[in-house]
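Working notes for the structure below.
The values are calculated or read from the model by the stated rules, or taken from the named source; none is laboratory data. If you're wondering where the values come from, they're calculated on a predicted model, not measured in any experiment. Note that we place each Cβ from the backbone using ideal geometry, even for glycine, and neighbour counts take in every protein chain shown.
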Amino acid sequence: MKDNLPNSRHDAPFYLLLPVLLVLLGLLAACAPGEPANSTSGAPAPAETGELDLNTGRNPDGTFFIGDADAPVTLTDYSDFL
Amino acid sequence: MQGAEKEILAGPVAAGDLRLVFWPMLDLGPNSTNAATAAFCAGEQDPAAFWRYHDTLYDNQRRVYLADRDYFLATATDLGLDSEAFATCYDSEEMHTLLESLDQTRRTERQVSVRPTFDITGPSGESERIFGSQPFTAFDALIQTMLP
């Protein structure tokens, strides 16, 4: 009766390769990128407005701003919502 | 500017160097005005709500293009705003008048026609203008030159 035991002549390469494959997978996992680091340009990580505790306010002309009211530089974004 | 906007907020705005202002352009039909009205009405309740509404509109631009009044009202409700006050503001002539005035100023006094356009203004009133969506580095380079 043919048993189900591994045939050492045909299955040996698989059992030899298995630990090699496991080592390779471990190396790939170790080399995989983790949390994104700051870009080389030094740009900060992006965030939604709600994630940062930023001051908001309204200008005398009725427009809205985000940031310190007395910040030295102003960036005005002329855009359409569409 | 969306991608750059996030970096701008996390960088020079968070550092106290920059204040970001949104100036609506109303060139693309009725929903340009309707979307701006909705965002400004959110801001009427809380300036921070303007920016939350602003982010929501930009995250859903495809829907906003065909949105109706119910959509804008539902968005306000979803953001936790006073629905009745929002609806009153949205339907009022007062907000439309303000937005038309801002748009007129944009076109005539500030001569802005390209969408989007950005003015970076320093503490002495000096100003640089850039056009179109740009990477953060383009904005940051000009911002840094303006800082005292």
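I want to confirm something. Restricting to segment B:50-68 and keeping residues that are among the hydrophobic types (A, V, I, L, M, F, W, C) and either out of contact with any Gly (no Cβ under 6 Å at 6 or more places or on another chain) or at pLDDT below 95 (or both), which single residue is nearest to A:ILE66 (Cα to Cα)? So, considering only residues that are among the hydrophobic types (A, V, I, L, M, F, W, C) and either out of contact with any Gly (no Cβ under 6 Å at 6 or more places or on another chain) or at pLDDT below 95 (or both), the one nearest to A:ILE66 (Cα to Cα) is B:TRP51.
A residue that is among the acidic types (Asp, Glu), within 14 Å of A:ASP80 (Cα to Cα) and under 15 Å from the mean Cα position of the chain (by Cα) occurs somewhere in segment B:101-109. The residue that is modelled with the lowest pLDDT, counting only those in segment A:41-60 that are within 7 Å of chain B (Cβ to nearest Cβ), in a loop (DSSP other than H, G, I, E, B) and over 14 Å from B:LEU9 (Cα atoms), is A:SER41.
Where in segment B:79-148 are there helices (runs of 4 or more DSSP H), lying fully within it, with 2 or more residues that are in contact (Cβ under 8 Å) with a residue 40 or more places away in the chain and within 7 Å of chain A (Cβ to nearest Cβ)?
B:93-108, B:136-146
If you go through segment B:68-120 and keep only what is farther than 26 Å from B:GLY3 by Cβ, of a type in the set (Gly, Ala, Ser) and exposed (fewer than 15 other Cβ atoms within 10 Å of the Cβ), you end up with B:ALA74, B:GLY80, B:SER83, B:ALA85, B:SER92, B:SER101. The lone criterion from (1) touching a residue at least 40 places away in the same chain (Cβ under 8 Å); (2) hydroxyl-bearing (Ser, Thr, Tyr); (3) in a helix (DSSP H, G or I) left unmet by B:TYR71 is number (1). Here the condition is being part of a strand (DSSP E or B), without any contact (Cβ under 8 Å) to a residue 60 or more places away in the chain, closer than 30 Å to B:PRO123 by Cβ and charged (D, E, K, R); of B:ARG19, B:ARG52, it holds for B:ARG19 alone.
Might you let me know whether segment B:24-32 holds any residue that is under 30 Å from B:LEU147 (Cβ atoms), in contact (Cβ under 8 Å) with a residue 60 or more places away in the chain, at the interface with chain A (Cβ under 9 Å from one of its Cβ atoms) and crowded, with 22+ Cβ neighbours inside 10 Å? Taking every residue of segment B:24-32 in turn, at least one turns out to be under 30 Å from B:LEU147 (Cβ atoms), in contact (Cβ under 8 Å) with a residue 60 or more places away in the chain, at the interface with chain A (Cβ under 9 Å from one of its Cβ atoms) and crowded, with 22+ Cβ neighbours inside 10 Å. For A:LEU28, the test of being at pLDDT 70 or above, surrounded by fewer than 17 Cβ atoms within 10 Å (Cβ to Cβ), among the hydrophobic types (A, V, I, L, M, F, W, C) and more than 28 Å from B:CYS41 (Cα to Cα) is failed.
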